[in-house]
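Working notes, structure below.
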Amino acid sequence: MIENVFFDSDLLGDDFFALYALIRNKDIHLCGITSFGRRVRAIERAKMAQVFLDMHNAASVDIVPGADKPMMLDVRKSCTFCDEQMKWLRNEWDADRRYRSVLLADESAASYLVRKARELGSITLLCTGPLTNIALAILLDSDFASHVKDLYFMGGVHAIQGNSSPVSESNVRNDPEAASIVFRSIPGIHVIPYDITMQVLLTGEEAAAIKDEFFSQTALSCCRSHECRHGGSSIMPMHDYLAYLALADESIISYSNYDISIETSDSICRGMMVLSSPDRLCDMYGIAVDVGKARQHLASDFEVRL
Ligand SMILES: [Ca+2]
């Protein structure tokens, strides 16, 4: 059993694949969700997560909205392809339903994480968006990092061209200062980088074959987004779902040890993840993924023949 898990996410598109797998996995105890917003604000994303959890009978999970912008940068342009699916969830919120935990009073995501870390003593973080909320928690409480048992992060790129700049991946590039604080403060981070998330893919045909309509339509939106932005084939890379799998099944990903830092200078390298030879407590950078096994999990979690 993996106890005291918190999901910090920008809750859009493939984040919901990770969330669904998290709540249906009986070996993981998901305590709370914290959201990061941009064009669609964190509160709106938290409401969508609330609707989603209620639909799937996961009523005991806390949901707390977090930061709406990076620590220093302006908000950058983000994908709009999932807007229809998200709008559908948002409309469900507007209907006459009773909601419980979203907006835990006036508490921010960072102070919520600090409070829960103190209460529980030890927490595990699964992070599939920019690391702003985690960095703010570290700044709020100098002991916060010592309560983090494990942190799994979808982000960074090394061996291939990035999706945000030639040398950066968007979760890091969208808030390099936050990522830098987190990597300086928490040792032993499991990094699930773009290099390997681009190896676990759904095709457009496979997306259309998913039984659940919400996931099928979301996957098709992600396929269209990829086709439009990168050209070529209609595919959905399972970035955030693979980060979930790294937490759920340690045999899926092989890691190499590096001392990881983030380039924050105002240059074309801003947001680059720098891997140095380890000379202190190491981070773990994913270098290979068992694609067959990852697709088996995917087929089972989303009832689709792959
Ligand atoms: Ca995400």
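Below are the figures for this structure:
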quantity	calculated
Where N is the number of residues in region 105-210, Cα Rg divided by 2.2 N^0.38 Å	1.23
Translational diffusion of region 159-279, µm² s⁻¹ [Kirkwood Rh, Cα pairs; Stokes-Einstein; 37 °C; 0.692 mPa s]	206 µm²/s
Ellipticity estimate at 222 nm from DSSP helix runs (n ≥ 4, -39,500 (n - 2.57)) divided over the chain, nearest 500	-11500 deg cm²/dmol
Percentage of interatomic Cα-Cα distances in region 213-276 larger than 13 Å	75 percent
Cα-based Lys proximity count in the chain, under 26 Å, for pairs eight or more positions apart or on separate chains	18
Rg(Cα)/(2.2 N^0.38 Å) for the chain, N = residue count	0.92
Gaussian network model of the chain, springs between alpha carbon atoms under 10 Å - residue of 225, 267, 216 with greatest fluctuation	267
Potential extension, residue 229-residue 115 segment - 0.36 nm per residue separation minus Cα distance	37.0 nm
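Readers should treat all values here as calculations from the given coordinates under stated rules, not as data from a laboratory. Nothing here was measured: the structure is a model prediction, and the numbers come from that model.
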